[in-house]
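> A single structure is presented below for examination.
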Amino acid sequence: MLVPPMTMIDFFKKSEGVWLIHRTVHHFDAVADESGDSKIHVNLVGKGDERVQKICLDQGIDAAIAACGASFMWQPHEEGSQEPNPEQAAILVDIPDDVTGRSGKLLRNQGYVEKIPVVSRYWFGDDGILTIDTEYDQNQGQERCWFLTDDFRVRASTVRMNNGIYLMTYCSERRMVSEQDLVAMVQRFL
């Protein structure tokens, strides 16, 4: 039975690995809808990591209250086994509100919608759904993410621009299984 993560550190841990993402983007203006596949590489980053320390310093946050961080690097799916481009990456830092860790701030060295440092608010609902609200300079975004199984999750997000144009994205994400993982699975069934 699935036990959903209820803290950001548990969410980051459960998200570690490489994910194949199928995304559909609906634009509510004159731009055509789009869809495609990509990959995201997620790695846990310790709170003592220099990248976490720098992001906290840049945002004026005491790094001692950071719980952890994570690195998210994305790449087009068709690039195969090539390493992801570190320029297409973000570091997220968890600053929980309290000891329960069910809500707090996420510091990012760069946002998804606007490539600027940003602070988001997050919280986990009783159902395990993670909600992240982000205020950019020109946009507002909300993302919701939840696990259906340990290896399959869903993300839905909306972006509202100051000029009123909206877009909505739906992503289904499947953890990619390594050759080592496949061998281990086969051994369990022998």
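> If a residue must be touching a strand residue (DSSP E or B) at 6+ places or on another chain (Cβ under 7 Å), open to solvent by 50 Å² or more (accessible area, probe 1.4 Å) and not hydrophobic (A, V, I, L, M, F, W, C), how many such residues does the range 134-149 contain? Even if it seems obvious, please write down each step before you answer.
Taking the range 134-149 and keeping what is touching a strand residue (DSSP E or B) at 6+ places or on another chain (Cβ under 7 Å), we get 134, 136, 138-148.
Keeping just the survivors that are open to solvent by 50 Å² or more (accessible area, probe 1.4 Å) gives 138, 142-144, 146, 148.
Checking the rest, the ones that are also not hydrophobic (A, V, I, L, M, F, W, C) come to 138, 142-144.
Number of matching residues: 4.
> Just name the residue that is nearest to TYR136 (Cα to Cα) out of those in the range 64-97 that are touching a Gly at 6+ places or on another chain (Cβ under 8 Å), at pLDDT 95 or above and not in a strand (DSSP E or B).
That would be ASP97.
> Just give me the residues in the range 8-31 being touching a Phe, Trp or Tyr at 6+ places or on another chain (Cβ under 7 Å) and either farther than 16 Å from GLU173 by Cα or part of a loop (DSSP other than H, G, I, E, B) (or both), in sequence order.
Listed by number, the residues that qualify are MET8, PHE28.
> Right, next: Take the residues of the range 21-60 that are of a type in the set (Lys, Arg) and under 30 Å from TYR166 (Cβ atoms): which is surrounded by the most Cβ atoms within 10 Å (Cβ to Cβ)?
Looking at the filtered set, the residue picked out is LYS39.
> If you don't mind, there's one more thing I want to ask. Show the residue pairs meeting these rules: Cβ distance below 8 Å; 6+ apart or different chains; first residue within the range 39-57 and acidic (Asp, Glu); second residue buried (at least 19 other Cβ atoms within 10 Å of the Cβ) and not in a helix (DSSP H, G or I).
That search, which allows pairs on different chains as well, returns ASP49/GLY69.
> Let me ask something else about it. Between a residue in the range 116-142 that is assigned to a loop (DSSP other than H, G, I, E, B) and any residue that is surrounded by fewer than 18 Cβ atoms within 10 Å (Cβ to Cβ) and modelled with pLDDT of 95 or more, which pairs come within a Cβ distance under 6 Å, given they are 6 or more apart or on different chains?
Note: pairs meeting the criteria are ILE129/ARG144.
> Within the range 180-189, can one find any residue that is within 30 Å of PHE28 (Cβ to Cβ) and more than 14 Å from the chain's Cα centre (by Cα)? Give the derivation first.
First, the residues of the range 180-189 that are within 30 Å of PHE28 (Cβ to Cβ): none.
No; the residues of the range 180-189 include none that is within 30 Å of PHE28 (Cβ to Cβ) and more than 14 Å from the chain's Cα centre (by Cα).
> Okay, next question. Please determine, by comparing only the residues of the range 159-174 that are in contact with a Leu (Cβ under 8 Å, 6 or more places away or on another chain) and closer than 14 Å to VAL18 by Cα, which one is most open to solvent (accessible area, probe 1.4 Å).
ARG174
> Does ARG153 count as among the charged types (D, E, K, R), open to solvent by less than 50 Å² (accessible area, probe 1.4 Å) and either touching an Asp or Glu at 6+ places or on another chain (Cβ under 9 Å) or part of a strand (DSSP E or B) (or both)?
Details: among the charged types (D, E, K, R): yes; open to solvent by less than 50 Å² (accessible area, probe 1.4 Å): yes; either touching an Asp or Glu at 6+ places or on another chain (Cβ under 9 Å) or part of a strand (DSSP E or B) (or both): yes.
Against the criterion (among the charged types (D, E, K, R), open to solvent by less than 50 Å² (accessible area, probe 1.4 Å) and either touching an Asp or Glu at 6+ places or on another chain (Cβ under 9 Å) or part of a strand (DSSP E or B) (or both)), ARG153 qualifies.
> Return the residues of the range 175-190 that are open to solvent by less than 60 Å² (accessible area, probe 1.4 Å) and modelled with pLDDT of 90 or more; say none if nothing qualifies. Lay out the reasoning, then the answer.
First, pick out the residues of the range 175-190 that are open to solvent by less than 60 Å² (accessible area, probe 1.4 Å): 175, 178, 184.
Selection gives ARG175 alone.
> For VAL177, indicate whether it is part of a loop (DSSP other than H, G, I, E, B) and either under 21 Å from ILE55 (Cβ atoms) or out of contact with any Phe, Trp or Tyr (no Cβ under 6 Å at 6 or more places or on another chain) (or both).
On the way: part of a loop (DSSP other than H, G, I, E, B): yes; either under 21 Å from ILE55 (Cβ atoms) or out of contact with any Phe, Trp or Tyr (no Cβ under 6 Å at 6 or more places or on another chain) (or both): yes.
Here the answer is yes, as VAL177 does meet what is asked.
> Another question, then. Taking CYS56 and the conditions (1) over 23 Å from TRP74 (Cβ atoms); (2) in a loop (DSSP other than H, G, I, E, B); (3) of a type outside the set (S, T, N, Q), which numbered condition does it fall short on, given that it satisfies the others?
The single condition CYS56 does not satisfy is (2).
The values are calculated or read from the model by the stated rules, or taken from the named source; none is laboratory data. Nothing here was measured: the structure is a model prediction, and the numbers come from that model. Glycine gets a Cβ as well: all are built from the backbone with ideal geometry, and neighbour counts include every protein chain shown. What goes into the accessible areas is simple: the full protein's heavy atoms, side chains included, and nothing from ligands, DNA or RNA. Shrake-Rupley method; radii C 1.70, N 1.55, O 1.52, S 1.80 Å.
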